[in-house]
Amino acid sequence: MRKDINYNNIIDGEEFERAQAAADAAADLPADEIDTEKFYVTQAYDKYSEENHEVWGEMYRQRMSKLEEQASNTFIAGLKAIQLRPGRVPLLFGEAPHPTDPERTVTGINEFLRPLTGWQSRAVPGYLPAKAFFSCLARREFPTTIVVRPREQMDYLPEPDIFHDVFGHVPLHADDVFAEFLQTYGQAALAAGPEHTEPLSRLFWFTVEFGLIREDGRLKIYGSGLISSHGESAHALEAPAPPAGVELAPSDQSGRVERRPFDLDRIVNTAFEIDHYQPVLYVLESFEQLRDAMNGYAERVMDGASASR
Ligand SMILES: [Fe+2]
């Protein structure tokens with residue numbers, strides 16, 4: 001969590017320090033000695049402020065007004081399956097009193113998600129280093145930031161908050177095929193040598209964060225960076241393409257978007273820049289295509305890992 005952003009920090013200070021230190025220390029441990037439970041913190045649900053619930057609700061309604069049109073059916077189905085609601089920040093686990101209505105209780109999204117795919121959303125203090133992050137994915141645990149952006153940063157936040165992580169990412173974890181893909185990604189990343197670090201970060205970027213998919217002959221978004229961004233989602237779907245045969249550079253800011261067919265080998269060789277709208281996106285034909293390509297890549301990683309032993 002960046003110190004220059006005025007969050008309502010709902011995480012206990014000591015717990016925060018302990019979890020962050022454990023995640024940092026994981027970088028030096030062998031994969032089978034990493035205990036992901038040490039990275040997680042308590043979501044003190046009663047500490048969310050009125051503004052937190054309002055900001056969540058305003059962003060939820062703003063995005064949903066477009067997502068019925070823009071988003072993959074799989075995303076919309078997942079959002080309903082985990083019972084995300086506009087009226088309040090999501091609870092992750094168990095039950096809690098409703099923040100505005102003492103007559104009602106709130107049920108955690110994991111109570112709906114876990115029976116479907118075994119995935120769970122787990123509260124973390126903030127950014128997790130790569131090895132800690134991959135260890136969580138390998139166990140079907142999704143590290144989730146739980147603070148809500150302050151109202152003055154509703155349109156742009158330079159790091160994930162609960163809106164990006166839960167609204168943007170978690171609905172897809174309710175889908176069997178995506179669930180398998182993301183776990184395989186984590187397992188492969190954990191086993192991979194340093195030569196795979198950059199290729200795997202590109203794969204994550206062009207799928208999990210900024211992926212497009214063709215459904216019923218129409219282009220849809222599923223990447224969380226697009227799902228959670230009002231401006232870039234429209235740009236990704238509607239901006240004109242470059243002339244046929246022209247490839248855009250990662251730094252291109254001409255306002256065009258080159259939508260390439262999904263191709264894992266091409267993605268892992270495609271550079272990206274993070275601080276402007278993406279000029280290059282990759283389009284899946286199905287989530288099975290993503291899962292199968294990931295399985296193939298994971299086999300290559302595992303072969304390399306056993307060959308170097
Ligand atoms: Fe993300």
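The numbers here are math on the coordinates, done by the rules we state, and not lab data. No experiment lies behind these values; they were computed from the predicted model shown. Cβ placement follows ideal geometry from the backbone for every residue including glycine, while neighbour counts extend to all protein chains displayed.
Ordered by packing density, taken as the mean number of other Cβ atoms within 10 Å over each peptide's residues, highest first, how do 92-99, 207-214 rank? Before the final figure, lay out each step's value.
Numbers: 92-99: 16.4, 207-214: 22.9.
Taking the mean over residues of other Cβ atoms within 10 Å, the ranking is 207-214, 92-99.
Return the whole-Å distance between the Cα centroid of the range 6-35 and the Cα centroid of the range 174-200.
Here the two parts' Cα centres lie 21 Å apart.
Treating the Cα atoms of the chain as identical point scatterers in vacuum, please give the log10 of the normalised Debye intensity I(q)/I(0) at q = 0.07, 0.13 Å⁻¹, two decimals.
Relative scattering, expressed as log10 I(q)/I(0), comes to -0.27, -0.97.
For residue 6 and residue 46, calculate 0.36 nm times their separation in residues minus their Cα-Cα distance, and state this gained length in nm to one decimal.
Going from the current span to full extension adds 12.5 nm.
Counting other beta carbons within 10 Å of each residue's own, what order do 220, 131, 66 fall into, fewest first?
66, 131, 220
Using only the Cα atoms of the range 1-174, construct the convex hull and provide its projected area averaged over every direction, in square nanometres to one decimal.
It is 10.2 nm².
Ranked from highest to lowest mean number of other Cβ atoms within 10 Å per residue, what is the order of the peptides 152-159, 52-59?
52-59, 152-159
Of the listed peptides 170-177, 13-20, what is their order by residue-averaged count of other C-beta atoms within 10 Å, with the highest listed first?
Highest to lowest by the protection proxy: 170-177, 13-20.
Give me the extension gain from residue 272 to residue 241: residue separation times 0.36 nm, minus the current Cα-Cα distance, reported in nm with one decimal. Let's see the in-between values first.
Details: separation 31, 0.36 × 31 = 11.16 nm, distance 1.77 nm.
Extra length available between residue 272 and residue 241 comes to 9.4 nm.
So what is the relative contact order of the range 1-174, in percent, for Cα pairs below 8 Å that sit 6 or more residues apart? Could the numbers behind the result be given before it?
Values: 252 pairs, mean separation 51.1, N = 174.
Worked out over the range 1-174, it gives 29 percent.
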